[in-house]
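Participant: Mind having a look at this structure? Questions to follow.
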Amino acid sequence: MSDTKTYTERQVSEAANAAMGLIIDDIECDQEWEDLLSLMVNATLTVLTSEMQADLEDVVQENYGQDLDEFKSERGF
């Protein structure tokens with residue numbers, strides 16, 4: 001019997017977003033930190049659905065419709 005668990009993309013998305021919510025609700029975060037947490041959630045899902053092939057440029061383009069330099073510049077990174 002295997003202990004392997006599987007999860008749907010939706011379950012992973014809901015869990016990652018819920019985890020972000022837990023952090024934001026309990027830890028005072030400025031907009032920069034909230035942006036980074038959101039980027040982490042989006043990166044997790046994009047990397048997962050790309051079978052580990054997406055890079056950060058892909059994540060930003062797919063989720064924010066910007067190139068990486070534009071994304072970073074707009075947010076002061």
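The values are calculated or read from the model by the stated rules, or taken from the named source; none is laboratory data. The model shown is predicted, which means the values in this text are computed figures rather than measured ones. Cβ: placed from backbone, ideal geometry, glycine included. Neighbour counts: every protein chain shown. Surface accessibility is based on the protein's heavy atoms, side chains included, excluding ligands, DNA and RNA. Shrake-Rupley method; radii C 1.70, N 1.55, O 1.52, S 1.80 Å.
Participant: Using DSSP to call loops (not H, G, I, E or B), can you name the trypsin sites (Lys or Arg not before Pro) in the chain whose Cβ has at most 16 other Cβ atoms within 10 angstrom? Could you put the intermediate results ahead of the total?
Facilitator: Numbers: sites: 5, 10, 72, 75; in loops: 5.
Passing both the DSSP loop test and the Cβ count: 5.
Participant: May I pose another question? Ignoring any ligand, DNA or RNA, what whole percent of the accessible area of the chain comes from carbon and sulfur when the probe is 1.4 angstrom? Before the final figure, lay out each step's value.
Facilitator: Working: 2980 of 5910 Å².
The value for the chain is 50 percent carbon and sulfur by accessible area.
Participant: Let me ask something else. Find the all-direction average of the projected area of the Cα convex hull for the range 1-48, expressing the result in square nanometres with one decimal place. Intermediate results must be reported in sequence, preceding the final value.
Facilitator: Values: hull surface 16.5 nm².
So the Cα hull casts an average projection of 4.1 nm².
Participant: Residue 14 versus residue 26, label points 7 Å from Cα toward the beta carbon: distance in nm?
Facilitator: Placing both labels 7 Å beyond Cα along the Cβ direction yields 2.1 nm.
Participant: Using the Karplus curve 6.51 cos²θ - 1.76 cosθ + 1.60 with θ = phi - 60°, what ³J(HN,Hα) values do you get for each residue of the range 41-48, in whole Hz, with x for Gly and Pro?
Facilitator: Values, residue by residue: 4, 5, 5, 4, 5, 5, 5, 4 Hz.
Participant: I would also like to ask the following. Out of the range 22-77, which GluC sites (Glu not before Pro) are coil in DSSP terms and have no more than 15 other C-beta atoms within 10 Å? Walk me through the intermediate numbers first.
Facilitator: Numbers: sites: 28, 32, 34, 51, 57, 62, 70, 74; in loops: 28, 51.
Those that pass, being in a loop and sparsely packed, are 28, 51.
Participant: If you count only protein heavy atoms with a 1.4 Å probe, what accessible area per residue comes out for the chain, rounded to a whole Å²?
Facilitator: Details: 5910 Å² over 77 residues.
Roughly 77 Å² per residue, with all protein chains present.
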